[in-house]
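The values are calculated or read from the model by the stated rules, or taken from the named source; none is laboratory data. Being a predicted model, the structure only gives us computed values, none of them experimental. Counting neighbours? That spans all protein chains shown, and the Cβs are built from the backbone with ideal geometry, glycine included.
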Amino acid sequence: MALADAARTPWWSWTWPILGLVILVVYFVHGQGSVLHVGEAVALVGTVFAAVFHAEVVALRVGEPFGTLVLALAVTIIEVAVIVSIMIVGGTETASLTRDTLFAVVMIVCNGIVGICLLAGGLRHREQGFQLLGANAALSVLIALTTLTLILPNVTITTPGPTFSRPQLEFEAIVSLILYGSFVFVQAFRHRDYFLPVCPDEGEAHVSPPPNKVALASGGLLLGSLVIVVALAKALTPLIEHGIDAAGAPKSVVGIIIAALVLLPEGLASYRAATANRLQTSVNLALGSALASFGLTIPAVAGISLILGKPLILGLNPMEEVLLVLTLLLSILTLGTGRTTVLQGTVHLIMFAVFLFLAVAP
């Protein structure tokens, strides 16, 4: 979205949700069909972009760093709702969906989004800077959340396999909320300056916030778009699973598709910020979305698992653990100087390619 367009509501931002709603009505009345599948997929992608557009309008109204927080929360709500809806209607085969999606989120954000942003920004601006304290704060929380969620279940002994016992899962949900809540408090209030651009006038677009009327309209359209996205994703899930089975790909690809879908618009927003020499905003968006995914998804999914008695597998396999540890180590080195070039972007993109290749051919 061009931020200058935030003072008005473009036609496509409300047309896509309406189209999605019409397709859902047809789906519930007439059932599935090949043509309808295509319409569902197109409407889903369009409505996701519409939802993020409205989230950006609201974000522009509230300002930084609250703006990136609004975007992260909007994307995470989509992700949580899709996972939970699939878990409720699915059987034991959905037990590892949360793990696969969260692992994919980390790899897509820390390698895919960060990599392409650093590469594109470095090619255009040679070298870029960001707030080291803010990036390190976000990364420290992300390391704690990923380790406690995706690696710790493999070494606990109360239950067999990569799972938590009921008390352990409850404790993990509480810890995740506390960690994410602490980060939000630091980002939005206590140390807000850590997440603002080093040089506010350098490369930043000065755009007037939208009127309250436009922001309120976008808030309502955002909520409606989120509901429609969840319903469309739920309707398409059987088709996606059938296609993966037909291709002989691992079940974990479903998690990658979900993560890629919900992160695509935010990834584009991060890319636009990086190429406009606003790397601080790009880093805030990328790391903020990953943190929100863990901090909000784990409590929600854990609650559904405990209430409905649904099995939940969280621990990664050894190959995935290696990729996760390597990604976090590279992120520490990349975000540990406050300056980036094309080299860091290239390294992270290579890691992303390795992740995608091994996901299909483990």
* Structure fact -> Pairing a residue in the stretch 331-358 that is farther than 19 Å from Met319 by Cα and surrounded by 16 or more Cβ atoms within 10 Å (Cβ to Cβ) with any residue that is of a type in the set (Ser, Thr, Tyr) and at pLDDT below 95, where Cβ atoms lie under 6 Å and the two sit 6 or more apart in sequence or on different chains, gives Gln344/Thr334
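Run down Ile256, Ile304, Ile298 and say which single residue is surrounded by fewer than 21 Cβ atoms within 10 Å (Cβ to Cβ) and in contact with a helix residue (DSSP H, G or I) (Cβ under 9 Å, 6 or more places away or on another chain).
Answer to the selection: Ile304.
Does the stretch 77-92 include one or more residues that are outside any helix (DSSP H, G or I), farther than 18 Å from Ala269 by Cα and in contact with a Pro (Cβ under 8 Å, 6 or more places away or on another chain)?
Checked the stretch 77-92: no residue is outside any helix (DSSP H, G or I), farther than 18 Å from Ala269 by Cα and in contact with a Pro (Cβ under 8 Å, 6 or more places away or on another chain).
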* To do: Name the one entry in Lys310, Lys234 that is among the basic types (Lys, Arg), assigned to a helix (DSSP H, G or I) and either surrounded by fewer than 22 Cβ atoms within 10 Å (Cβ to Cβ) or touching a residue at least 24 places away in the same chain (Cβ under 8 Å) (or both).
  => Lys234
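Give Gly338, Gly315 a once-over and let me know the one that is at positive phi and small (Gly, Ala, Ser).
Every option except Gly338 fails the conditions.
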* To do: Might you let me know whether the stretch 108-129 holds any residue that is closer than 26 Å to Glu241 by Cβ, modelled with pLDDT under 90 and not basic (Lys, Arg)?
  => no
* Take the stretch 160-173 and flag every residue that is in contact (Cβ under 8 Å) with a residue 40 or more places away in the chain and either assigned to a helix (DSSP H, G or I) or of a type outside the set (Val, Ile, Thr) (or both). => Gly161, Pro162, Phe164, Arg166, Leu169, Glu170, Glu172, Ala173
* Asked: Taking the stated definitions as given, is Asn277 at pLDDT 85 or above and outside any helix (DSSP H, G or I)?
  -> yes
